[in-house]
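What follows is a set of notes on a single structure, which appears directly below.
Derivation of every value follows stated rules applied to the coordinates shown; laboratory data play no part. Predicted model, so just to flag it, every value in this text is computed and none were measured. No Cβ is skipped: glycine too gets one built from the backbone with ideal geometry, and neighbour counts run over all protein chains shown.
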Amino acid sequence: MGELQCPHCGGEIDELTVICRHCKKNVRKAPRQRSGKRVPLWVPPAVLVLIVVVILRGGCGGTSKATPTPPVAPGLRGAIETALGEGNRPVERVARFAESGGATGQVYAKFAINDNFSQDMIVGGAQLDCTAILKAIAQSGASYGSVRIVGTFPLKDAFGNVTETEVVQLDFDAATVQKINWANFSYRDIYAVADTAVVHPQLKP
C-alpha cells in the first residue's frame, strides 16, 4: 500500500486510514483552505466623499450641465435692447449702436421697426419703440450731448424690390430729453418733441 500524509498533522498514513494514528483526526475531512488575504470592509472617509462627488456629477469624467444663460449686452446698448424687447422680423433688432464723446458726444441707436396687422399699428409701434429707446437712454445715467434714433422698415419700390429702408430719424439735444416728464409723457408725441424729425410718408401718423 502506498503511504500518504495526514492533511491535519502531516504524519504518514496509509491510503485506507480513516482516523490518523498521530493526531486522531478524520483524514477524510480535510481542513478548509483559507485565502491568503482578507478584503478590508472599512473604507476611508476621503474615498467615500470622492464616490459621492462622482455620482452627483454623473460619473467619472462627467461634468454638470447647467442651463445656459442668454448673453446680455452690457451698458447702454443692453438697456436699449431690454426696452425694445424681441423683434418679429428676421433682422437684428438693434442694427447699430454707437456712444461717443461723453457730455458733448452723441448716442446713436438704429433699430428695426416691428411689422404688425395694420399700417396704423406699424406707425404706432415705431413711435412706441422710439419712446422706449429715448427713455432708456434718459434713465441710464449716461453722459451725452445729443441722441439720434433711426428706425428701419422694409419698403417696396415701383419695380417690386423690397429694401430695408431708414424711415424714421429723430434728433434730440440732451436739454430736450431732460424736459420730458416720463410719468405723463405720451409716445404719440415723440415726433413732436424731437429737435429734428424726418419721417417717411408711410410711417407718418
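Observations
- Summed side-chain charge close to residue 148 - residues other than residue 148 whose Cβ falls under 14 Å, Lys, Arg +1, Asp, Glu -1: -3
- Across the stretch 168-184, coupling constants 3J(HN,Hα) worked out from phi with the 6.51/-1.76/1.60 Karplus curve, θ = phi - 60°, read 9, 9, 10, 10, 10, 7, 4, 4, 5, 4, 5, 6, 6, 8, 5, 5, 10 Hz, and Gly and Pro carry x.
- Proxy reagent accessibility, fewest Cβ within 10 Å first, across 80, 13, 19: 19, 13, 80
- Cα→Cβ-extended label distance, 7 Å offset, between residue 166 and residue 188, nm: 2.9 nm
- Taking amide H as placed 1.01 Å from N in the peptide plane, the amide H of residue 114 sits under 5 Å from none that are at least 5 places away or on another chain.
- Cα→Cβ-extended label distance, 7 Å offset, between residue 156 and residue 92, nm: 2.8 nm
- Karplus-derived 3J(HN,Hα), 6.51/-1.76/1.60, for each residue of the stretch 80-87, Hz, glycine and proline x: 5, 4, 5, 5, 6, x, 6, x
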